[in-house]
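Here's the structure we're looking at; comments come further down.
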Amino acid sequence: MRQHSTGFVLGIIGSIIVGFGIIAGIFLGLRSITGLGYEPAVYQAQKTGPNSATLSISTFPDSHVCHADAGEPQINWVTYCPSTSFEVPPNSLITVVIYQYDTSTTLVNGYFQQVQGTIGDVEMVNGTPMSQVAIDHIAHTFTLQSRPNEAHPLFVSVPLVGVPDNAPNAVTVDGNPYPKPNVITFQFRTGPPGTYIWHCYDPCGGGSPPFGFSGPMSTTGYMAGTLTVANY
Ligand SMILES: [Cu+2]
């Protein structure tokens, strides 16, 4: 049998090393996409009748419940939960229920202290109707908006009242202690199927106010996402 030259053997070894490098590069590249934000699994509103549904979600001051596998610093990021990709039925009355566990961060833009686009232009905060919230009593906003040229535009913006800074931990969620949440509910109506986007506009993210728009505020899966109106 013919002996392979040293160059041939080195060539094979080199090819293997380069091959591993390419695979590692692809793997790390895909992993960094996850780190930069991702679209979490779709979370459907629970149908409560032929033309009604309830979307029950939470907002947490950290990611221990919703992104338990996240490393530093994401594990300490504020987040909506259990997803940021929502689905609701068309031509329906949607009731949104939010368990809000986080403290307040003063709004930059007072426009978002108003409740807008909900049935009756109000939200219920622990059973009390409110049409506006003081700019320094807001933890997050749920602001649903339409993309350009949307045939059936929706705009809903609700300021989520923060829990007091000194509120003691009073409840446990998946083993994690939190203050008693504010229970916030509001309603809006959907039209035909379509895809909308939503975002928090309170500077709850990284950086000192008024610059708290980095980290979870600029990463999908935490403080922004989609709301799809679809038949199911
Ligand atoms: Cu927020």
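The values are calculated or read from the model by the stated rules, or taken from the named source; none is laboratory data. As the structure is a prediction and not an experimental result, all values here were calculated from the model. Because the Cβ atoms are built from the backbone with ideal geometry, glycine has one as well, and the counts that use them run over all protein chains shown.
Observations on the structure shown:
- Residue list for region 116-134, filter: surrounded by fewer than 18 Cβ atoms within 10 Å (Cβ to Cβ) and under 26 Å from G206 (Cα atoms): Q132, A134
- Any pair with Cβ under 7 angstrom, 6 or more apart, that starts in region 189-204 at a residue that is of a type in the set (F, W, Y) and ends at one that is assigned to a loop (DSSP other than H, G, I, E, B) and at pLDDT 95 or above: Y196/S146; Y196/L154
- Set F186, F155: member being within 22 Å of Y222 (Cα to Cα), assigned by TED's automatic domain parsing to the domain that holds S104 and either of a type in the set (G, A, S) or surrounded by fewer than 20 Cβ atoms within 10 Å (Cβ to Cβ) (or both): F155
- Search result, residues across region 190-215 that are under 18 Å from A53 (Cα atoms) and in contact with a strand residue (DSSP E or B) (Cβ under 6 Å, 6 or more places away or on another chain): T190, P193, G194, T195, Y196
- Screening Y99, Y80 for residues that are within 12 Å of the ligand (Cβ to nearest atom) and closer than 30 Å to N231 by Cβ leaves exactly one candidate, Y80.
- Residue check for F112: part of a strand (DSSP E or B), within 12 Å of the ligand (Cβ to nearest atom), within 20 Å of the chain's Cα centre (by Cα) and surrounded by 14 or more Cβ atoms within 10 Å (Cβ to Cβ): no
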